[in-house]
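The values are calculated or read from the model by the stated rules, or taken from the named source; none is laboratory data. What you are looking at is a predicted structure, and each value in this text was computed from that prediction instead of being measured. Counting neighbours? That spans all protein chains shown, and the Cβs are built from the backbone with ideal geometry, glycine included.
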Amino acid sequence: MQRIPHIINGRQVSEAERYGPVFNPATGAQEKEVALASAARVEEAIQAAQEALPAWRATSLARRTAIFFKVRELLTERKAELAAILTSEHGKVLSDAEGEITRGLENIEFASALALGLKGERSEQVATGVDVHSIRQPVGVVACITPFNFPAMVPLWMIGSALACGNTVLLKPSEKDPSAAVFIAELFAEAGLPDGVLNVVHGDKEAVDVLLEHPVVKAVSFVGSTPIARAIYRRAAEHGKRVQALGGAKNHMVVLPDADLDMAADAAVSAAYGSAGERCMAVSVLVAVGNIADDLVEAVRSRMTDLKIGPGTDPSSQMGPLITAEHRDKVASYVAGAADEGATVVVDGRDTAFDGDGFFLGVSLLDHAKPGMKAYDDEIFGPVLSVVRVETYADAVRLVNENQYGNGTAIFTRDGGAARAFEFDVETGMVGVNVPIPVPVGSFSFGGWKDSLFGDTHMYGPDSIRFYTRGKVVTTRWPDPATSEIDLGFPQVL
Ligand code: NAD
């Protein structure tokens, strides 16, 4: 069986005390196993990152930039190969896997402009003969802990900027689909990144705990579920690290009565069931405002019957399997319980039959969902769309704002005034106007509000430069030594 190694100091390390299974979700077969790092193995990787730090932070911006240009070239050339890895371990269809890589490449492009992002400021003559300038320096060794659902894009969200800013990195990808991180680290090495600058350690809680507590690790970037994000934020902060921990989501798509219902239904189906609903920006709640609910539900339902669900390698598949059998069963349990909670099961994905042992589940649509029902309150993270019917725009905004999560939301309308009010009123970090999945482009930053993000800075883009660097301000004067005198007063700006 193929073993997925750690990458420590430029070397593949496969020996481990424990290994985790890696499945092909389309067949249900375990095809690989991944080395799970012990505390000692993580320690070894931290040491490699620490030793590589002085030379990397001293590497010129020009040299760093050249590496990022090369990484972009290599990732573009080998996109199909990486997409095949994503599909074989995550299950998403190949076109979606390629889309994930393309969006991840935006972060490499942003990192290629590091000479601009890292520019400081300078003020001349702030006092007589005194100048001040500011610089930004790397925080040091950074830990990046990533979820299963975007095995290439989320690592690229983090490592692009972390490395560009002069840090060395320990990447701990999801143990469910870990090969993409290894592939990416090897491309960075091929592009000229020195050994030890980007290390990949696989593992579970045992490995993560070391990263959260080790004094050499100065910053932690995390993306995953809310309970783990909250725990990571607390623990790493307690150990003196800066932390950004992005959590789960329940994204509402609000449809106003004036919206084009066909366009809204197309968007809802795409955003709810794409990648089997395993996207942190997936639409999981459709909010029908006013008297359009019956028509909207019918428009969505009619589009669901033709969705082609099958292996991600089949070009005709629009949706693949879920990540594991356990997760598939958990998602199905929400549909099973929905009717007892008072929702109407319009389409039951459990009725769709599949050949073989893959972790497939059909798409589900629940109508008359409400707060207080598990199917509404919990992040299901699967192909289940719940419809909530409300009377007014104000009811829709209240629903979104009272939700525990605040990752993304969208409004569908032809009314610019309503859209502007929504942008102003709504309490989420990312808003789409007639855009169902408003993931910001790489020149902006990504992050939610409320229980979707613990910390202050969002991920990638301009916020990432602030997160991965420390500011330093230098005050300079070059007086004539002959004018020197003792003055015990506090320095005044004159
Ligand atoms: P997860 O929280 O189970 O795992 C995320 C990472 O944490 C993995 O690397 C995992 O190995 C590690 N981990 C798991 N349990 C741990 C523990 N007890 N202690 C320390 N580390 C632990 O999340 P997942 O199932 O891999 O990913 C899906 C979740 O991620 C969903 O909730 C989704 O909404 C969220 N997500 C959020 C965003 C965002 O930007 N907000 C993006 C993608 C995914």
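What the table shows:
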read-out: Unmet requirement for T27, which otherwise passes all of (1) in a loop (DSSP other than H, G, I, E, B); (2) closer than 30 Å to K218 by Cβ; value: (2)
read-out: Any hit, the stretch 186-202, residues being in contact with a helix residue (DSSP H, G or I) (Cβ under 9 Å, 6 or more places away or on another chain) and farther than 20 Å from A52 by Cβ; value: no
read-out: Within the stretch 308-339, tally of residues that are surrounded by fewer than 22 Cβ atoms within 10 Å (Cβ to Cβ), of a type in the set (G, A, S) and under 25 Å from D377 (Cα atoms); value: 6
read-out: The stretch 130-159 - residue that is part of a strand (DSSP E or B) and polar (S, T, N, Q) and, of those, nearest to the ligand (Cβ to nearest atom); value: Q137
read-out: Total residues in the stretch 385-418, condition within 19 Å of A265 (Cα to Cα) and within 26 Å of the chain's Cα centre (by Cα); value: 8
read-out: Which listed residue, of A162, A180, is more than 8 Å from the ligand (Cβ to nearest atom), in contact with a Pro (Cβ under 9 Å, 6 or more places away or on another chain), among the small types (G, A, S) and within 30 Å of G28 (Cβ to Cβ); value: A180
read-out: Condition met for D262 (in contact (Cβ under 8 Å) with a residue 24 or more places away in the chain, more than 9 Å from the ligand (Cβ to nearest atom), assigned to a helix (DSSP H, G or I) and among the acidic types (D, E)); value: yes
read-out: Any chance F444 is in a loop (DSSP other than H, G, I, E, B) and hydrophobic (A, V, I, L, M, F, W, C); value: yes
read-out: Filtered residues of the stretch 226-249 (kept if near the ligand (Cβ under 9 Å from one of its atoms), buried (at least 16 other Cβ atoms within 10 Å of the Cβ) and either assigned to a loop (DSSP other than H, G, I, E, B) or without any contact (Cβ under 8 Å) to a residue 60 or more places away in the chain (or both)); value: I228, A231, R235, G247, G248, A249
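So that you can scan it fast, the table gives a plain yes or no per residue for (1) within 16 Å of the ligand (Cβ to nearest atom); (2) assigned to a helix (DSSP H, G or I); (3) at pLDDT 95 or above; (4) under 23 Å from Y19 (Cβ atoms):
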residue	(1), (2), (3), (4)
I184	yes, yes, yes, yes
F188	no, yes, yes, no
G196	no, no, yes, no
G203	yes, no, yes, yes
P215	no, no, yes, no
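Residues are listed down the side, and each one gets a yes or a no for (1) within 15 Å of the ligand (Cβ to nearest atom); (2) assigned to a loop (DSSP other than H, G, I, E, B); (3) under 30 Å from A143 (Cα atoms); (4) at pLDDT below 95:
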position: I411; (1), (2), (3), (4): no, no, no, no
position: A421; (1), (2), (3), (4): no, no, no, no
position: T428; (1), (2), (3), (4): yes, yes, yes, no
position: D463; (1), (2), (3), (4): yes, no, yes, no
